[in-house]
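Asks: To start, I am sharing the structure in question, which I have written as structure tokens.
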Amino acid sequence: MTPLVQVAATPDANRRGMFAMLGAMAFFVTNDTLVKIAAKDLPSGQLIAIRGAFATTLVLCWLAASGQLRFVNRILSPLVLGRALSEGTVAFLFITALAQMPIGDVTAISLITPLVITALSVPLLGEKVGWRRALAVVAGFIGMLFVVKPTGAGFNAGHATVLVLLSVVFCAFRDLITRFIDPTIPTLAITLSTCLAVGLFGAAAVPLQGWIVPTWQHIGLLAAASVVLVIGNFCMIQAFRGVEVSLVSPFRYSVMIWALLSGIIVFGEWPDWASWVGMAIIMAAGLYTLQREATRLSRPISAAEATVRTPPS
């Protein structure tokens with residue numbers, strides 16, 4: 001069996017990953033907002049299937065326009081398939097929970113993901129996580145607790161909360177798998193595999209959940225959701241390719257800011273003082289992580305750090 005090979009992260013790759021993660025979170029919350037509106041009337045499987053069909057068509061057109069259709073067969077790579085399977089599971093679990101819980105609560109609970117990734121990146125990827133960066137990640141988690149308030153409805157929503165927590169586990173595996181995908185496979189091809197997998201997961205659930213004839217408003221919402229979903233997935237894949245996973249992961253906390261803005265603007269949910277405190281802590285943790293990386297990048301890179309390395313099996 002061919003060993004998993006990862007390319008050592010470079011300063012430019014890490015910076016790209018940070019900004020790609022920030023963009024991905026903004027696009028994903030926009031998608032979640034549109035989907036939550038549609039989920040008031042449509043079963044989760046149906047809306048995932050419809051959105052997946054739109055997204056797959058969009059990516060195929062993008063591949064054709066950019067002359068990359070010849071790379072479509074690369075989605076059969078075991079790692080790409082593994083990532084797609086994880087993403088399909090994440091989408092179904094998350095959207096099913098989103099239809100039953102406030103967007104802020106679902107988003108906040110999902111922010112456990114960076115902690116899971118950071119914990120797994122040490123034994124699986126051999127990455128070094130200093131105590132300062134680990135402390136910043138924990139601080140971001142504490143800020144999330146201020147926002148979600150563990151004694152409130154967010155953590156007492158029964159099986160919906162369990163669905164979110166399960167999605168976190170699959171999300172962590174998805175992002176770690178992305179780290180090992182062959183860099184010669186175009187990001188658009190991986191995005192296509194994601195859209196196909198998510199759409200198929202939704203279609204598989206339709207016989208169990210039923211089908212409701214969608215209105216043109218539903219179609220418009222899901223078409224728009226597919227556009228921002230494709231862009232978000234593209235940014236997310238870029239965020240984890242050739243980077244230090246434990247460094248980029250904390251920037252996922254920015255999703256809480258976008259989720260709160262969505263709650264205010266779309267659903268009229270104004271955060272209380274604790275939520276604002278949580279937002280401040282999350283932002284401070286992210287900025288501190290960025291500052292620590294800037295300090296680290298100011299040091300010369302050794303030849304050993306720039307070589308291709310193979311993790312122990």
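Asks: Sum up the charges of everything whose Cβ sits under 10 Å from the Cβ of L229, counting Lys and Arg as +1 and Asp and Glu as -1, but leave L229 out.
Replies: 0
Asks: Please go through region 104-148 and write out the trypsin sites (Lys or Arg not before Pro) that DSSP classes as loop and that have at most 10 other C-beta atoms within 10 Å.
Replies: In loop regions of region 104-148 (DSSP not H, G, I, E or B), the sparsely surrounded trypsin sites (Lys or Arg not before Pro) are K128.
Asks: Where does the charge balance sit around L188 when Lys and Arg score +1, Asp and Glu -1, over other residues with C-beta under 13 Å from its C-beta?
Replies: With Lys, Arg at +1 and Asp, Glu at -1, the net is +3.
Asks: Find the relative contact order for region 9-296 and round it to a whole percent, using C-alpha pairs within less than 8 Å whose residues are 6+ positions apart.
Replies: Once divided by the residue count of region 9-296, the mean separation gives 42 percent.
Asks: Starting from the amide H of D41, placed 1.01 Å from N in the peptide plane, find each other amide H under 5 Å away whose residue is 5 or more places distant or on another chain.
Replies: none
Asks: Farthest toward the dipole's positive end in the chain, which of T184, I265, W216, given Cβ charges of +1 (Lys, Arg) and -1 (Asp, Glu) about the Cα centre?
Replies: Farthest towards the positive end: T184.
Asks: By how many nm would the segment from V122 to T215 lengthen if fully extended, with 0.36 nm per residue of separation less the alpha-carbon distance?
Replies: Extra length available between V122 and T215 comes to 28.7 nm.
Asks: FRET efficiency for I142 and D12, Cβ-Cβ distance as r, R0 = 41 Å, nearest 0.05?
Replies: Calculated transfer efficiency: 0.85.
Asks: A follow-up question, please. Rounded if a/c is under 1.5, else prolate if a/b beats b/c, else oblate: with a ≥ b ≥ c from the C-alpha gyration tensor eigenvalues square-rooted, which is region 9-296?
Replies: Oblate is the answer for region 9-296, as a/c is 1.5 or above yet b/c matches or exceeds a/b.
Asks: Quick check: the distance between the Cα centres of region 69-146 and region 179-205, to the nearest angstrom?
Replies: Centre-to-centre distance over Cα atoms comes out at 16 Å.
Asks: Still on this structure, I have one more. If packing is taken as the average count of other Cβ atoms within 10 Å, what order do 102-114, 163-175 fall into, highest mean first?
Replies: Averaged packing, sorted descending, gives the order 102-114, 163-175.
Asks: A further question on this structure: Rounded, prolate or oblate, given the Cα gyration tensor of region 1-146, with a/c below 1.5 counting as rounded?
Replies: Here region 1-146 falls in the oblate category.
Asks: When the dipole is taken about the Cα centre of region 9-296, and only Lys, Arg (+1) and Asp, Glu (-1) are charged at their Cβ, what size is it in debye, to the nearest 20?
Replies: For this selection, approximately 540 debye.
Asks: Work out the charge dipole of the chain with +1 on the Cβ of Lys and Arg and -1 on the Cβ of Asp and Glu about the Cα centre, then indicate which of I142, F19, G202 is farthest towards its positive end.
Replies: F19
Every number in this text was worked out from the coordinates using simple rules, so none of it is lab data. All figures in this text were calculated on a predicted structure; none of them were measured in a lab. All Cβ positions, glycine included, derive from the backbone under ideal geometry; neighbour counts span all protein chains shown.
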